[in-house]
2 protein chains.
Amino acid sequence: METLHVDLGDRAYPIFIGSVLTNSELIKPYLTSNQICIVTNTVVAPLYLEAFCESLSDYSILKVILPDGESHKDLDTLNTIFDQLLAHHHNRKTTLIALGGGVTGDMTGFAAACYQRGVNFIQVPTTLLSQVDSSVGGKTGVNHKLGKNMIGAFYQPKCVLADTDVLKTLPQRELSAGIAEIIKYGLLGDAEFFEWLEEHVEKLLECDREALTYAIKRSCENKAQIVAQDEKESGVRAYLNLGHTFGHAIETAMGYGTWLHGEAVGAGMMMAVDLSARMGLIDESVVSRTKSLLERAKLPIQGPACMTNEQYIDLMSVDKKVLDGRLRLVLLKSLGEAFVTSDVDPKILAETLNATRSTD
Amino acid sequence: METLHVDLGDRAYPIFIGSVLTNSELIKPYLTSNQICIVTNTVVAPLYLEAFCESLSDYSILKVILPDGESHKDLDTLNTIFDQLLAHHHNRKTTLIALGGGVTGDMTGFAAACYQRGVNFIQVPTTLLSQVDSSVGGKTGVNHKLGKNMIGAFYQPKCVLADTDVLKTLPQRELSAGIAEIIKYGLLGDAEFFEWLEEHVEKLLECDREALTYAIKRSCENKAQIVAQDEKESGVRAYLNLGHTFGHAIETAMGYGTWLHGEAVGAGMMMAVDLSARMGLIDESVVSRTKSLLERAKLPIQGPACMTNEQYIDLMSVDKKVLDGRLRLVLLKSLGEAFVTSDVDPKILAETLNATRSTD
């Protein structure tokens, strides 16, 4: 087992990585009373809920099983968590535990942030994407029909259990979606890690435990370092949005859940890298290496055929990264070095959107 | 004009009290961009929205007018604020301004806490109750059908404008409801202020500006002092709930909006004082002085005839103040000195509930 400490002062917390799901000694120090509410979904519950609950048999456990998928990440579904907590008289010393992927984590974390104005929260991410991404940074929230993650809170968990064994039951598409975020950390700030990925990406797809543990830890370290510098996203944290402004536009246009978040980010990173090259910031080799790595990770490298440039511009301009009407994008100035700019020529942006549109 | 500084470290903010509504020089230093969203309701809008907007004519103002009343303080109404913000492309530098009473302030503050995970927030309370209570402390939120204020956040405004002139258009019932919270500060921690109120309560009902300014400032000072000691409500802040556990039960049982919050707190304080006397903590003179002051303030001193003891116990046990199944109540050990106890004999509690039930 590896332990990573996310350093956020009085909100610091550990991430335990390895065979940790049913090791209740890890979690017990972080429970604040006998009440626990485990929030999970219809896919994860049959696989891991029983074993996880058994390891916590000394506690009074309320189980909330949500429908699966990004399309249910909304205020209505959130309210069903509150319904259950109140019906079962959970008080402000309760602990909400998210057992599931990013959607479960985001909603459970936001429910914990809001229930009685804030209760204890623990994350047990069961997808690769949520292990490397959602479990670090304290971003919680739900979608609105006019924009993704528009309603939420910054709220830190008390601890995170990232179990590598559960990834074996993950569909290949979701594994790839997680690898997209892992590649992101290489691209935006860690060229050495990008090179490691060029050597080991197939190992990740094969669910090789050693490779996964290394990739999860290194991704979380990269993210934790950035988040610790900038908890409320006013500066360098924006780098983490590499590929996301494009990606969110794709997710919104196609309807949440059609594209996996990681898939949209994969295509979005390709767009950001393509744009960086067209603007003369990086050379063509970075484009081809990124393209090759994404393809080997079985990720899309093009946006949907049906999306027009106008749709991208419209949807990207409601993104949270827009300030005072100017589109701000995270681009690369070299492999492993991101920066933020609002100085993007609309013509070059159009070239990128045209070049990265699927022709299928 | 009087200025009170609420000291919360990096979240400290000023409260401006007096003829301040259209003095935009007070508010401008706290605006973070050209975007403003003013949230108000159908009662306040015709009275003050136009004048307030005119004073801010240099800004791009989005007006959101909500239905009036506690019965609309829910997630659905909250979502209509998000709808408008997103439809008008408000970004994370926008400022939400609450122009209205406690319900408007609680909802707007919670919307500001959640929109894009937190945007700038300013409060312009237009009722006496919200001026002395909701505008200090950072409590924001909405109701759930199973409990009041169960969903929310601690979120501080950047500044508060408490205008005394607007109180002249306030219905007498609402003025009295505000006086209930003012009396609370006397009872729980400021015996000298309680005595001042015994001399001046009619002046408050007459909307005497000098008396109101003094009472608002002193109440806010009392509250600010308690909140500064205990921002997240783990200790002394619980004293502010004097009368509220009973009061919330009344509000929930009767349906939100039937009793005004301050009215329910008035009857609730009478119950807390009655219980304190029956438990031998205070002498009868405190009971009779409290009763007399509440009556002079035109506040109810009894709970609804239709509510049974069982209803009270059930509803009080979902209150946020309940920990590990034990009912915790704020009681008095002398006039001007509150404390929290979970050591309440159910028989004596029943006596209080029976004695304070209306026979009408």
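Does any residue of region B:249-258 turn out to be hydroxyl-bearing (Ser, Thr, Tyr) and either farther than 29 Å from residue B:170 by Cα or not assigned by TED's automatic domain parsing to the domain that holds residue B:346 (or both)? No. Can you run down the residue pairs with Cβ atoms below 9 Å, 6 or more apart or on separate chains, where the first is in region A:222-239 and aromatic (Phe, Trp, Tyr) and the partner is modelled with pLDDT of 75 or more? These pairs meet every condition: A:239/A:188; A:239/A:189; A:239/A:226; A:239/A:330; A:239/A:338; A:239/A:339; A:239/A:340.
Scanning region B:37-79 for residues that are polar (S, T, N, Q) and in contact (Cβ under 8 Å) with a residue 40 or more places away in the chain yields B:40, B:41, B:71, B:77. Listed by first and then second residue, the pairs linking a residue in region B:99-111 that is in contact (Cβ under 8 Å) with a residue 12 or more places away in the chain and surrounded by fewer than 24 Cβ atoms within 10 Å (Cβ to Cβ) to a residue that is of a type in the set (Lys, Arg) and assigned to a helix (DSSP H, G or I), with Cβ atoms under 8 Å apart and 6 or more places separating them unless they lie on different chains, form an empty list. Screening region B:134-189 for residues that are within 29 Å of residue B:286 (Cβ to Cβ) and polar (S, T, N, Q) and picking the one that is surrounded by the fewest Cβ atoms within 10 Å (Cβ to Cβ) gives B:172. A single member of B:153, B:98, B:112 is closer than 29 Å to residue A:84 by Cα, in contact with a strand residue (DSSP E or B) (Cβ under 6 Å, 6 or more places away or on another chain) and more than 10 Å from chain A (Cβ to nearest Cβ), and it is B:112.
Filter region A:331-351 down to residues that are more than 25 Å from the chain's Cα centre (by Cα) and modelled with pLDDT of 95 or more and give me whichever is surrounded by the fewest Cβ atoms within 10 Å (Cβ to Cβ).
Taking the candidates together, the pick is A:347.
Taking helices (runs of 4 or more DSSP H) as the structural unit, those lying wholly within region A:203-301 and holding at least 1 residues that are of a type in the set (Phe, Trp, Tyr) correspond to A:209-229, A:244-254.
If we scan region A:310-322, do we find a residue that is in the same structural domain as residue A:186 (by TED's automatic domain parsing), touching a Ser or Thr at 6+ places or on another chain (Cβ under 7 Å) and in a loop (DSSP other than H, G, I, E, B)? Yes, that holds for at least one residue. The set of residues in region A:263-288 being surrounded by 17 or more Cβ atoms within 10 Å (Cβ to Cβ) and not hydrophobic (A, V, I, L, M, F, W, C) consists of A:263, A:266, A:268, A:274, A:276, A:278.
Taking residue B:20, is it closer than 28 Å to residue B:211 by Cα, β-branched (Val, Ile, Thr) and within 23 Å of the chain's Cα centre (by Cα)? Taking the combined requirement at face value, the residue satisfies it. For region B:11-30, the criterion of a residue being of a type in the set (D, E, K, R) and surrounded by 15 or more Cβ atoms within 10 Å (Cβ to Cβ) is satisfied by no position. Residue pairs whose Cβ atoms lie under 7 Å apart, sitting 6 or more positions apart in sequence or on different chains, and linking a residue in region A:10-27 that is part of a strand (DSSP E or B) to a partner that is at pLDDT below 95 and among the acidic types (Asp, Glu), are A:17/A:2; A:18/A:2.
The set of residues in region B:22-36 that are within 19 Å of residue B:62 (Cβ to Cβ) and of a type outside the set (Val, Ile, Thr) comprises B:24, B:28, B:30, B:31, B:33, B:34, B:35.
Quick one: which residue in A:89, A:144, A:72 is on the phi > 0 side of the Ramachandran plot and either at pLDDT below 95 or at the interface with chain B (Cβ under 7 Å from one of its Cβ atoms) (or both)?
A:89
Of the candidates B:222, B:241, the single residue that is assigned by TED's automatic domain parsing to the domain that holds residue B:285 and more than 28 Å from residue B:72 (Cβ to Cβ) is B:222.
With respect to the conditions (1) within 23 Å of residue B:56 (Cβ to Cβ); (2) in the same structural domain as residue B:267 (by TED's automatic domain parsing), residue B:189 lacks only one, and its number is (1). Of all the residues in region A:51-61, those that are within 14 Å of another protein chain (Cβ to nearest Cβ) and assigned to a strand (DSSP E or B) number 1. Only one of the listed residues (B:303, B:243) is away from chain A (no Cβ under 14 Å), at pLDDT 90 or above and closer than 28 Å to residue B:199 by Cβ. That residue is B:243.
The values are calculated or read from the model by the stated rules, or taken from the named source; none is laboratory data. This structure is a prediction, so every number in the text was calculated from the model and none was measured. Please note: Cβ atoms are built from the backbone with ideal geometry, for glycine as well, and neighbour counts cover all protein chains shown.
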